[in-house]
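The values are calculated or read from the model by the stated rules, or taken from the named source; none is laboratory data. Quick caveat, the model's predicted, so the values are computed rather than measured. Backbone-built Cβ (ideal geometry, glycine too); neighbour counts: all protein chains shown. Accessible surface is based on the protein model in full, side chains and every heavy atom, while ligands, DNA and RNA are left aside. Shrake-Rupley method; radii C 1.70, N 1.55, O 1.52, S 1.80 Å.
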Amino acid sequence: MDRDHRAARAELLAGLRLDRVAAAAAATAGELPAYRGLDEEETVGELLAVMGTALAALAEGRAPSDRERAEFTDFGARRADQGVPLEPLLEAFRLTSRHAFDALYAAAGPYESAVALALTRDFWLCCDHVSAAVVDGHRRRGTERLRDGEERRALLLGRLLSGELPPDGLPTAVRLLGLDPGKEYLAFHAAVAPGHDAAAVEATLREHVAARLVEPAGHAAGPVEPAAGRVAGLVESGRIGSPTVPVGLGLGRALPLSRAHESYRQARRAGELAAAFGLRRPVTDGELPLHAAVLALPSTGEELVDRCFGHTSGNRRATLVRSLDAYLTAEANAEAAATALYVHPNTLRYRLRAFTRATGLDPGRAEDTMLIWWALRHLEASTGPRGTPGGGGTTG
């Protein structure tokens, strides 16, 4: 752009009555439903500031600077804060641009066509820059507000489940969580071990729940240990379905929301039990008292593991563990257990006889069966199924 054109452009733009443009644009935008609650005088001031900044770049024939773009981004964020959705914001921007262009076109009459054409081209380019920054600011603020809303809902649900929510905070929590104050709910808890995907567990449960809280392993807060994650929440009675992940439920009777913490306390115990033994189904608190006893008495489990398997180690021990587990799961049916193990029934019978000779325990005798079962479950809870660290079993 030569010096004469630059001077002509500056003169033309300096003569624009931006106050009139802003007032006309504010009045037109005010007819949009999303803008009717905004103060028109304040809107005029905001438009004047934005147009003044845009005009400074236009006068020099350049793209907006980073500082100027930041001003446009802030403008978009303010509209998001005021509750103006993006579509009405873009419509208002279009109307404002039209008012500004009409004023520019009228003022360009006395000037050379080359000046007017170059200014017109740069005007719409500038509008593109401004629009992109405004939209970016609006979307960012919307994302921030959504994230803040999700974090607030997660906090409220966590406090509701832990019993830390004061009674006067219950109505607000119920409203923000989208719960029905007239209904009763069951709490659920799915423990997520480190290295596992909380989102996958949450996706499995999503269709069944009324409200949920997802905390990845290593980032848990509230009433769970920092080393573990959880997917926790509330379900309407009878709507848990059949998720194929370890999940604990409160006792069968749903409770009012004011007692959700009682249901969650039960669900957490059951969920941790289900996760420890890899039970791929919903488990209610108190449903598996012997499994709970195995977890509660680790020293007893260690003694029984030594009694049952202390005479062997390595692959031979792993094979014996699998064989006994399959035999007990098949309810002492050697043929069924051998089929599950992909071995001949006589091979399994030989292993069982060798086990009895070494330990004096007979897997076919009720009292000995209980000791073997306890040792197997202790191994399962402490090292995973069949002695594999970090695994999850299937025996219930």
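Taking 0.36 nm per intervening residue step and subtracting the Cα-Cα distance, what contour gain separates residue 124 from residue 302 on full extension?
Taking 0.36 nm per residue and subtracting the Cα distance, the gain is 56.3 nm.
With a ≥ b ≥ c the root eigenvalues of the C-alpha gyration tensor of region 1-107, is it rounded (a/c under 1.5), prolate (a/b larger than b/c) or oblate?
Prolate, because a/c is 1.5 or more and a/b exceeds b/c.
Give me the accessible area per residue for region 260-396, probe 1.4 Å, as a whole number in Å².
That works out to 50 Å² per residue.
In what sequence, highest mean first, do 321-333, 54-66 appear when ranked by Cβ atoms within 10 angstrom?
Taking the mean over residues of other Cβ atoms within 10 Å, the ranking is 321-333, 54-66.
If each residue of separation counts as 0.36 nm, what is the full-extension length gain between residue 347 and residue 313 once their alpha-carbon separation is subtracted?
This chain segment gains 10.3 nm when fully extended.
Sketch the reach of a paramagnetic label on residue 70 as a point 7 Å from Cα along Cα-to-Cβ, and name the residues of region 128-145 whose backbone nitrogen lies under 15 Å away.
Once the point is set 7 Å along Cα→Cβ of residue 70, 137 turn out to lie under 15 Å by backbone N, inside region 128-145.
Spin-label point model (7 Å from Cα, Cβ direction): what's the residue 20 to residue 258 distance in nm?
Simple spin-label model gives 6.6 nm for this pair.
Averaged per residue, what accessible area in Å² does region 1-84 show with a 1.4 Å probe, protein chains only?
On a per-residue basis, 52 Å².
Calculate the length of the line joining the C-alpha centroid of region 267-328 to that of region 41-117, in whole Å.
Cα centroid of region 267-328 versus Cα centroid of region 41-117: 69 Å apart.
Quick check: from the Cα gyration tensor, does region 309-356 come out rounded (a/c under 1.5), prolate or oblate?
Prolate is the answer for region 309-356, as a/c is 1.5 or above and a/b outweighs b/c.
What is the percent carbon and sulfur in the accessible area of region 7-46, measuring with a 1.4 Å probe over the protein chains and ignoring ligands?
Answer for region 7-46: carbon and sulfur cover 50 percent of the accessible area.
Starting from the Cα gyration tensor of region 62-113, take the square roots of the eigenvalues, sort them a ≥ b ≥ c, and report rounded, prolate or oblate (rounded when a/c is under 1.5, otherwise prolate if a/b is larger than b/c, else oblate).
Oblate, because a/c is 1.5 or more while a/b does not exceed b/c.
Sort 39, 285 by accessible area with a 1.4 Å probe, largest first.
Result, largest first: 39, 285.
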